[in-house]
1. Out of curiosity, is B:Asp228 closer than 28 Å to A:Gln99 by Cα and away from chain A (no Cβ under 14 Å)?
2. Given the residues B:Arg401, B:Arg413, which is the only one that is of a type in the set (Lys, Arg), under 30 Å from B:Gly104 (Cβ atoms) and touching a residue at least 12 places away in the same chain (Cβ under 8 Å)?
3. For region B:46-64, which positions are over 18 Å from the mean Cα position of the chain (by Cα) and facing another protein chain (nearest Cβ under 9 Å)?
4. Working only within region A:343-363, note down all residues that are charged (D, E, K, R) and either in a strand (DSSP E or B) or within 24 Å of A:Glu179 (Cα to Cα) (or both).
5. Just a yes or no: is a residue in region A:330-339 outside the structural domain of A:Asp32 (by TED's automatic domain parsing), surrounded by 24 or more Cβ atoms within 10 Å (Cβ to Cβ), in a loop (DSSP other than H, G, I, E, B) and touching a Gly at 6+ places or on another chain (Cβ under 8 Å)?
6. Limited to region B:262-310, what total is found for residues that are in a helix (DSSP H, G or I) and under 16 Å from B:Lys221 (Cα atoms)?
7. Just to be sure, is A:Glu382 within 26 Å of A:Val321 (Cα to Cα), assigned to a loop (DSSP other than H, G, I, E, B) and modelled with pLDDT of 95 or more?
8. What number of residues within region A:304-331 are at the interface with another protein chain (Cβ under 10 Å from one of its Cβ atoms), of a type outside the set (A, V, I, L, M, F, W, C) and without any contact (Cβ under 8 Å) to a residue 40 or more places away in the chain?
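The values are calculated or read from the model by the stated rules, or taken from the named source; none is laboratory data. This one's a predicted model, so the numbers in the text were calculated from it and none came from an experiment. Here the Cβ positions follow ideal geometry from the backbone for every residue, glycine too, while neighbour counts run over all protein chains shown.
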Number of protein chains: 2
Amino acid sequence: MSPTVTEFEVFDIRFPTSDQLDGSDAMNPDPDYSAAYVVLRTDAGDGVEGHGFCFTIGRGNDVTAAAIEALRPYVMGRPVPRGAAELAALYFDLTHDSQLRWLGPEKGVMHMAAGALVNAAWDLAATAAGKPVWQFLADMTPEELVSLVDFRYLTDVLTPDDALAILRTAEPGRAGRAELLRANGYPAYTTSPGWLGYDDEKLVRLSKEAVAEGFAQIKLKVGADLQDDVRRMKLARAAVGPSIRIAVDANQRWDVPDAVRWMEALAPFDPHWIEEPTSPDDILGHAAVRAGQPVKVATGEHVANRVVFKQLLQAGAVDFVQIDAARVAGVNENIAILLLAAKYGVPVCPHAGGVGLCELVQHLSMFDYVAVSGTDEDRVIEYVDHLHEHFVAPVVIDHGRYRTPVAPGFSARMHPESITAHRYPDGPVWQARRTTLEVNS
Amino acid sequence: MSPTVTEFEVFDIRFPTSDQLDGSDAMNPDPDYSAAYVVLRTDAGDGVEGHGFCFTIGRGNDVTAAAIEALRPYVMGRPVPRGAAELAALYFDLTHDSQLRWLGPEKGVMHMAAGALVNAAWDLAATAAGKPVWQFLADMTPEELVSLVDFRYLTDVLTPDDALAILRTAEPGRAGRAELLRANGYPAYTTSPGWLGYDDEKLVRLSKEAVAEGFAQIKLKVGADLQDDVRRMKLARAAVGPSIRIAVDANQRWDVPDAVRWMEALAPFDPHWIEEPTSPDDILGHAAVRAGQPVKVATGEHVANRVVFKQLLQAGAVDFVQIDAARVAGVNENIAILLLAAKYGVPVCPHAGGVGLCELVQHLSMFDYVAVSGTDEDRVIEYVDHLHEHFVAPVVIDHGRYRTPVAPGFSARMHPESITAHRYPDGPVWQARRTTLEVNS
């Protein structure tokens, strides 16, 4: 008998981040960073587990946990995934159940839940193989990588043969780039200075600190009030000087005409990109924003799936593709998106932050560098200094770069005591808050 | 004290429709038509309730029910909605919670749940007003109707002033059209002959019966096998003759190149439209299908929200807009979509069938006829003869037309005994099936 998945445990974990306005922006004034977290265990006898999660910002984390539970029958009793064949089969099963597909298709809660399980399976397989996920991926053949992708709805733009050609072109340089990556890491930028809830003094202080720490790019949240944004952008530009890139992020706050007007006003301060100027569903809107003002356009953290990314590229709507490790259906769908971006020559600059998104997505950018696009030019992974202390193998930032992870797996694992403390609503952190609220009321 | 919502009850209701292959198509081989169903009660003392639901096809109906539960705090204790102001406020609250919005935004499980509650509130308000929803809507002023719409992400194409102009243009003819509607009803087409699981004899027999019953349009499911589809289309055309419209529906089965090839092969049999040729997210793909072959294109039952509908119209991707009463955020978001379609002069031909979708959506088409587009030309509401017996005020079809509902409310109410019998997994229908399965195994 080959070993199978024998345990499937789901946790609703929430951190009360809204207390400090960490993570506050024009659309998300008070997020409680949360994870619908799943642990897979097996009877292989090697003690290897698979950990994965959906990232949410509080309310509704229980709905996402319920969606993960709905996928339990596809995972329990399944042969332990070891390589490309099993990891492809699991992804296809989780996203092609005809009844569950009705709830998306391939979008929202149900799709995020599939992503959590796909990522947990990758954590399991890479851990058992003794490799970090980026390397586990970069050691696969082009044919294996192509087998991981669902080309449905992509073939008007990207066929399996196209994908194979991209991967084969990058193949000869893999070893050299992996060596460089281990030596130098991967460029990061930081969003920590720019949350909308921070006052001007804190914005300036943190912007200067970011430069001192070696970051070549920072990011400011914008979109609530134009005069405030002009003042904050001016302060940040004065604080960091002309050579540091300042990206701005509207978190979907605007309609197309607002985005054009706002960015014309901010353009004199040389923003590197405008991120999420409007609805993540509005492909044609992003194209209009890109055409209508001088600043480059980035989006992706809320883009539902590979089909929407395909169109953003087809329509010439974005200058930067911002993948997210935990919104689409995990590693497999992100490989499709990396291939689409490579086909169009558009740089991938991942969204991160939240809970554990930096930990996950670094693997995908590093894999992209080694085996897909073959370059880190114009590419940078978001870094936010929140909640890393809860992870067993947190990201390491060194002079504005992600150090290349060496521990086996997907860096997805939280400390057991963090899970226990932050379980919602019964963990001690939340119990204590309830008591405090009752006393104060 | 003004009366408030005091009870909020959610049911997971499923019908074992997969037994008969009713509803079988190329993507959904064995649906169990289901409803995550919600009932609102108040302390108004008038006994009026509000009923609403999400339609799903089986597995995951529990996840949708959990999503409705997550919205409970927005509804319980709220003043009983009576008119446009309260119905607008509820819709905005349900779709703008910043934490829950992260789970979409405005798509998938969370958005469908908001739709169920919005629709339940309309059922409640219209019932209390003693009017069917179509009339309750058609009696509102253009200003009230505009206040119901969320114009965020629409203003590059449709502003509140544009909407007001459309509604004012239709205003003088309202009374006359309402009279015609009460006399003549609204045109229907039937999908009952064309399910993919039916054999040729049943297809031919049901097609002829549909024509004999007065339908001027039928629909066939296609997309699994081209030679089968050519044969079935040929049989259906021979059965109904040249003057009856035959729509075909691929249920998202194809990539763009497949859709073009397939429809070129079916074109000689004069299909009226090709429905869902590819992914509902693929705006540019639908535009390419429309440009690449001679058959008109329809889509919408899986389109996530008004922003995607906006782009389908902007891109010239569709000849028919197929709204669904229960996928987007209910009546309010569907008014936005009706206005967008009116702006572009594209006919709205709703998706229906499933559980209770005919009952709901007839109100929206009739409202469109009376107060928005002002015409029923080229318009037709889908009709499927399934599960109507479970509703207190089922649709009535007469010579291929929907009779205009006169009972107050949204026709959304199921018989209490149907709810009790089909509760999943503990209702007697499901208990009995489990016992049968155990005996047979």
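1. yes
2. Exactly one residue qualifies, and that residue is B:Arg413.
3. Residues satisfying the conditions are B:Arg59, B:Gly60, B:Asp62, B:Val63.
4. The answer is A:Glu359, and nothing else.
5. no
6. Looking only at that region, the number is 6.
7. So A:Glu382 fails the test.
8. Qualifying residue count, region A:304-331: 1.
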